[in-house]
1. For PHE103, what charge total do you get from the other residues with a beta carbon under 12 Å from its beta carbon, if Lys and Arg give +1 and Asp and Glu give -1?
2. How much accessible surface does SER169 have with a 1.4 Å probe, in Å² rounded to 10?
3. Taking amide H positions as placed 1.01 Å from N in the peptide plane, with prolines and chain starts having none, which residues 5 or more places from LEU195, or on another chain, fall under 5 Å of its amide H?
4. For the chain, count the residues as N, evaluate 2.2 N^0.38 Å, and divide the Cα radius of gyration by that value, please.
5. When DSSP beta bridges are limited to those with both residues in the chain, what percentage is antiparallel, rounded to the nearest 5?
6. Would you kindly derive the ³J(HN,Hα) couplings of segment 98-111 from the backbone phi angles with the Karplus curve 6.51 cos²θ - 1.76 cosθ + 1.60 (θ = phi - 60°), listing them in order in whole Hz, with x for Gly and Pro?
7. Which order do ASP68, ASP26 take by accessible area at a 1.4 Å probe, largest first?
8. Roughly how much of LEU179 is accessible, in Å² to the nearest 10, using a 1.4 Å probe?
Amino acid sequence: MSPEDQHGAAAAEIGARFVQLDVTDDASVSRALATIDAAEGRLDVLVNNAGVLGSGVLDGPTALRAFDTNAVGIVRVTEAALPLLRNSPNPTVVNVSSSAGSFWAVTNPDRPEFGLPLALYSASKSAATMLTVQYAKSQPGIKFNAVEPGTTATDMTAAFGIGRTPEESAGVVVRLATLGADGPTGTFQDENGELPW
């Protein structure tokens, strides 16, 4: 079974549809949003969850890839999604960020982020959180929040041998994705509430 078929089957299990989207490709983003528009005419929740570590050689091409996926991808997808989000009665955007991009966390020797050797990931996630705040200010009819989902065992973190299950980490994402109309906007949160950054 192809990855697309696997994703489609997983989406169908929860009553959703899979739509292929590459956050680094304008045409892919346009096609995905056109598919959603044709099927639904609106978008209630957007979760920007694409991410790469940008580890290895610290050079321009690696930096461009990390920022294109982790920060520019948020802009690319959000801008394309704004018209559909505005058609929703309760539009919500959740940007999956990281406390590795928090000045508070990376300068605190008591935090695990203090020792992470991930300059590009951290810098691009700091940008993701700032984009969240700026979008919340410029789009008052849409809730924008950034989330620290917790260290999660994924293909991206496999080299570190750390993390809890994706299902456990998804809880805080789901909470922010399902906020009521009076929910917060412009925040950076983990499962325990707002985080300094």
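The values are calculated or read from the model by the stated rules, or taken from the named source; none is laboratory data. Since the model is a prediction, treat every value here as computed from it, not as a measurement. Glycine also receives a Cβ, built like all others from the backbone with ideal geometry; neighbour counts cover every protein chain displayed. Note: accessible area is taken over every heavy atom of the protein model, side chains too, but ligands, DNA and RNA are not part of it. Shrake-Rupley method; radii C 1.70, N 1.55, O 1.52, S 1.80 Å.
1. Values: positive: ARG111, LYS125; negative: GLU113.
Combined, the nearby Lys, Arg, Asp and Glu give +1.
2. 0
3. Residues meeting the criterion, in which the H sits 1.01 Å from N, are PHE188, GLN189, ASP190.
4. Working: Rg = 16.6 Å, N = 197, 2.2 N^0.38 = 16.4 Å.
It is 1.01.
5. 15
6. 6, 5, 5, x, 9, 4, 4, 6, 6, 9, 9, x, 7, 9
7. Greatest to least solvent exposure: ASP26, ASP68.
8. 30
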